[in-house]
1. Calculate the FRET efficiency for B:A241 and A:A193 from the Cβ-Cβ distance with a Förster distance of 30 Å, rounded to the nearest 0.05.
2. Taking springs between alpha-carbon atoms closer than 10 angstrom, which of A:A336, A:A362, A:A411 fluctuates most in the Gaussian network model of chain A?
3. With each label point set 7 Å from Cα along the Cα-Cβ vector, what nm distance links A:Q401 and B:S155?
4. Which of the peptides B:347-359, B:198-210 is most tightly packed, and how do the rest follow, going by the mean number of other Cβ atoms within 10 Å of each residue?
5. Using only the alpha carbons of the range B:211-269, determine the length spanned along each of the three principal axes and report them from longest to shortest in whole angstroms.
6. Students often check this: by mean Cβ neighbours within 10 Å, which of B:329-335, B:104-110 ranks highest, and how do the rest follow?
7. For peptide A:244-251, what's the mean number of Cβ atoms from other chains within 10 Å of each residue's Cβ?
8. So, in Å, what gap is there between the alpha-carbon centers of the range B:60-86 and the range A:274-345?
Amino acid sequence: MLDTIIKLLKEAKTDGWEVTDTVTEGWEFYFIRHELDQNRVRNVEHISVKVYKKFGEYLGSASGEIPVSASEEEAQKMIERLLFEAQLVENPVYSLNVPSGETAAEGELPDVRTIARDFIEVMNDLPETETEDINSFEIFATAERTRFINSNGIDVTSVYPSSMLEVVFNARKDRHEIELYRLYHSGTCDKAAMKKELSETLSYGKDKLSAVNTPNLGKCAVLFSTDASIQIYNYFIYKMNASIKYRKLSNWEIGTPIAEDVKGDRVTIRALKTLENSSCNQTYDSEGAPVRDLLILDQNVPAHFVGSRQFSQYLGIEDSFIPGNFAAEGGTKSAAELRKGTYLEIVEFSDFQVETMTGAIAGEIRLGYLHEGDQVTIVSGGSVSGTMTDYVKDMYLSKEQKQYNNMLVPAVTRLENVSITGAE
Amino acid sequence: MKAKFSEYLNEIAPAMKELIAVLKERYDYVSVLSSDSVGFTAAISQYAKSVSNSTITTERGNVVRVYKDGLYSEYAFNRFDASNISGLCEEIIHALDSQLDLLKETGVKVYETPVLPDEPIVVFEEMETGSMPENTSLEKLVEELTAVSNEVVNSSEAIAECIVRGSSTHINKMFLTANRDMRQSYVYTEGMAAPIAMRDGRNELSYTSVSGRKGPEILSGLRDKALEAAKTAEELLDAEAIEPGEYEIITTPEVSGLIAHEAFGHGVEMDMFVKDRALGKEYINKRVGSDLVTMHEGALCTEEVASYAFDDEGTLAGDTIEIQNGILKTGVCDALSALRLGGKPTGNGKRENFEHKVYTRMTNTVFDAGNNTLDEMIASVKSGYLLKGMKSGMEDPKHWGIQCIIERGYEIKDGKLTGKVVAPIVMTGYVPDLLGSITMAGTDKEVFGSGACGKGHKEWVKVSDGGPCLKAKARLG
């Protein structure tokens, strides 16, 4: 079908086109406790097409998926429709990516059986006890081959694994039972790292059983030491996105610090071509541009906006790309030094969010540790709120880093004066 | 007009029946769900436009479910050659057997489940729609959405941007077993407008929407709502942070809907009962809310984006009363969970798409209306907030915690709105306390279907929710 679509696109009166062909093999296993609820196989191919048409001062485009089961006649009709619709879209002219000259070995398709087996073995080897154990889990082992082709001659293929593990943990005492939820993304299964992470979470479950309601703390320092911290760094990445900058939703400027009167650590973020066992280690981005390392934010000073070809060109950036991996540098103090004084370390939220446009943070506390000198109180309930525009002036990043799939971030991030609504 | 059923699905139906017949020689139960759903999305802003022939539910593909020795297995595929059914059967059997080999090697035991019943059912339903997405003039629609975006931005100097999006999907699904032939076709449409106000480096966004199991014609209703949302976005520029605490609250229908969805929608999805993940299992026929709380859930309880004729397991749609006058009566259930719990499925077995597993999922979740006017409710509040606009929510069925992020609150003192606006608001609490504190319910209810719902942090499906204005007490931060 792919060859037919490319033939039809070459024959159509377009001013450019892009095709992405993704072939996926997925093995999935769903467990209740440690018994198999269901097994599934995915064997699918998706071909998405984007058609460009110049008219006047504009370059319009329209996109859609052409089913692999479509007939040639059906595919032709869809392309004709996209071509018409492209002329409805009045976007300033920009150009598509051209071949970079870089070559990369395509590589072997990852073995989903091995990935799935590793996950099953990790789950069968956890330090479960009578009071802390696994409620249920789901394993998703996926191998993908993505081929990108455009009218400028790019024809590149990325082959990569993309896996996911969802785990629900239980802990119980007398008749009281609690649960913790985790969703992990990765390339393959790093058995040692996964076992360490899962074992640590099992221990949180025991603590949640003895949690008391979060007191009304007013303003308090909050420590983020789990995957919730990703949301904090996504705020910075969002502000450095070319599309966001072009739409004036980011007022950050190259060379100008993002905040004044900063008392704490300053943030440095890089896009990375690869990060070990990330599920986002594609050699090329979704528009065929080669992915590379790039400094984005340097000690709170914007260095490079980055993002799609269209919006990057609108900003005058010619060599941009859509990054897959990011690394936020550590700060000046160790995690142990950040864990001093009075602070609330929250290890489980219902759903911690940083609204990237406004910087507003919000999340219900499911499990936290309130440290007041030598006293530690395990707390649950209530919420955090505030805004990153304030916190960026007084935030502290540990020297140590921790990886969450495609994000390498400080292992501990401390925000000062966060509003805490108690549950008392 | 009727939404005409997919010609493609009609064409492949005989081959799919052949596939089922061949697989039945090896398995005790075989079903095939085939989808062929088409649609469009047009997105307009001041800085960029896009048109796509995709929505979150457009798809073409198939999933086979088989049963043997207590285990259900599935194979999802979209490359299909009707002339080589035996080859496809071999491929399916080989792939699933390879998985079973791995499970054997790793010592995995099966959670045994009885075989699904397969009484004969024939359904052919082409639902009414005002127009079809396939026949919509996107030229005209792009012009209209562009005009809305421009008008909103021109309505105030503070409004710098207005993102407007309209999408419509023609859903076609065919569910086949040895004894069932179920085919449905319907159209749903949703549109949103998000004006963005900017002043002195502060950005604020408001959001409004239209939705329905209707054709793209409903997108014309976006204009007035978008202009109203622009005023809200500007208002948010002056909003203050709320003083954390417990307050009397009045929730407008979109916030009531968010509570319905997060409080007891997820909490009574009965696949969570199977895993002992929901407290609701122990509270059937017990009080979980005040007498004013009656809540329906089901594809048939209203006509919105999640109103279908049958679910993704071939169970006919229903209308379940989950809570009646504050008493939890039952939950909603997919077919496999019903087998495991010894109950009956309620038509709530849904997939994100053909590639995904079925879970028990919400469809439309709605509180019943009451007898009070909004003015009466406001007049009854000594100190509290009128809560408007929903941003997001998160369920916690195991502990009945609730998290709702709400766009804004209008202060009420001594029965009157003071004009003070606070934003954003995080509402948290214990579900029975929140529902038990409801003392007034409005006469008019509204249902909203522009969002999508995840299970945990994945498996996104279309749902709607709503209700009347409700007066209650909650913790806000």
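1. 0.15
2. A:A336
3. Each label point lies 7 Å from its Cα, and together they span 4.6 nm.
4. B:347-359, B:198-210
5. That works out to 44, 40, 14 Å along the principal axes.
6. B:329-335, B:104-110
7. Per residue, the average neighbour count from other chains is 4.
8. Distance between centres, Cα-based: 41 Å.
Every read-out reported here was derived from the displayed coordinates using simple, explicitly stated rules and does not represent laboratory data. Computed from a prediction, not measured in an experiment: that's the story for all the values here. Ideal geometry is used to build each Cβ from the backbone, glycine not excepted, and the neighbour counts take in all protein chains shown.
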